[in-house]
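Please treat every number below as a calculation from the coordinates, not as lab data. All figures in this text were calculated on a predicted structure; none of them were measured in a lab. Please note: Cβ atoms are built from the backbone with ideal geometry, for glycine as well, and neighbour counts cover all protein chains shown.
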Amino acid sequence: MGTFSLLGRLFGAQVDQAGESLVGALVAFDPETATEVDRDALAEKIQGVARKFAEAKQDYDKEQNDVVVKQAQIDEYLATLDVMVGQLERQEISQAAFDGFFAGIEESQAQLAQEVEEATEAKAVKDELDDILKILTQQLNDFDKVTTKALRDMKLAESQVEKEKLKTERQAELSNLKSGLGADSTAVRKLQEIAKKAKIEADAAKTVREITAKPQTQAEKMEAMMAQAKQASAPAVNPMSAAERVAALKAKTKV
């Protein structure tokens, strides 16, 4: 009898199917889907099997005790039968009494065989449930290990996601700042272009003025030079008033 066929006989077909699906899920366990609900379900399953194992152990102990009791009873019967053989030979008891007691021993032996068979079946159930309990307990331990690793990996992944999100936000912020700097640079370039354009227009105006100005003749040049020379040789005009000049003169006469 298979493990889960036995489990199905003890718990019903539904539990049998659940047990098989449970093992399948654990074999192909996905850490990302591990939850407390999964663990609670497995722990509950273990508790159910543990209860059934305790019941099976009690049944086995009872059946085994029945075997021991029946065997001891038969041993006493056989010892009594040895005594009855001598009594029969001495005609102390009748043949019918001997045969009746002999038949009772045969019936007890048949009952003993039945008790032994029932004890054997009870032991098989107990041992199989014990094996199932050990398997489920190991699966629970493995479940905890896998879940712990899954949670650790999940937290690490979440941390990485947060880091990447922060990097993205920082990059976006830097891009905005760079975009702002680009706008400022554009404004400066505009001012530079306006200043350059104004200088070009000023230079052009000067050039136009120089080109359109009436050229100076040689005589005009000579007259301008003579005017400058006369102005340089002309006596300096005394800026003092008459009263100031008189006062200055008086000051010189005083020794």
Label-point separation in nm, PHE101 to ASP130, each point 7 Å along Cα→Cβ = 4.1
Working out 0.36 nm times the residue gap between GLN138 and SER241, then minus their Cα-Cα distance, what length gain in nm do you get to one decimal?
-> 24.4 nm
Computed about the Cα centre, the charge dipole of segment 54-107 from +1 Lys/Arg and -1 Asp/Glu charges at the Cβ has a magnitude in debye, to the nearest 20, of 100
Which of the pairs LYS206/LYS230; LYS52/LYS149; LYS70/LYS126; LYS62/LYS134; LYS126/LYS149; LYS45/LYS126 have their Cα atoms more than 25 Å apart in this structure?
-> LYS206/LYS230; LYS52/LYS149; LYS126/LYS149
Kindly state, to the nearest 0.05, the FRET efficiency for ALA195 paired with ALA229, given R0 = 45 Å and r defined as their beta-carbon distance.
-> 0.55
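In what sequence, highest mean first, do 93-103, 39-49 appear when ranked by Cβ atoms within 10 angstrom?
Details: 93-103: 11.9, 39-49: 15.4.
Packing proxy ranking, top to bottom: 39-49, 93-103.
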Quick one: if you stick a label point 7 Å off each Cα along the C-beta vector at ALA79 and ASP61, how many nm between them?
-> 2.8
Rounded to whole Å, sorted largest first: equivalent-ellipsoid semi-axes of segment 64-131, Cα gyration tensor = 36, 10, 5
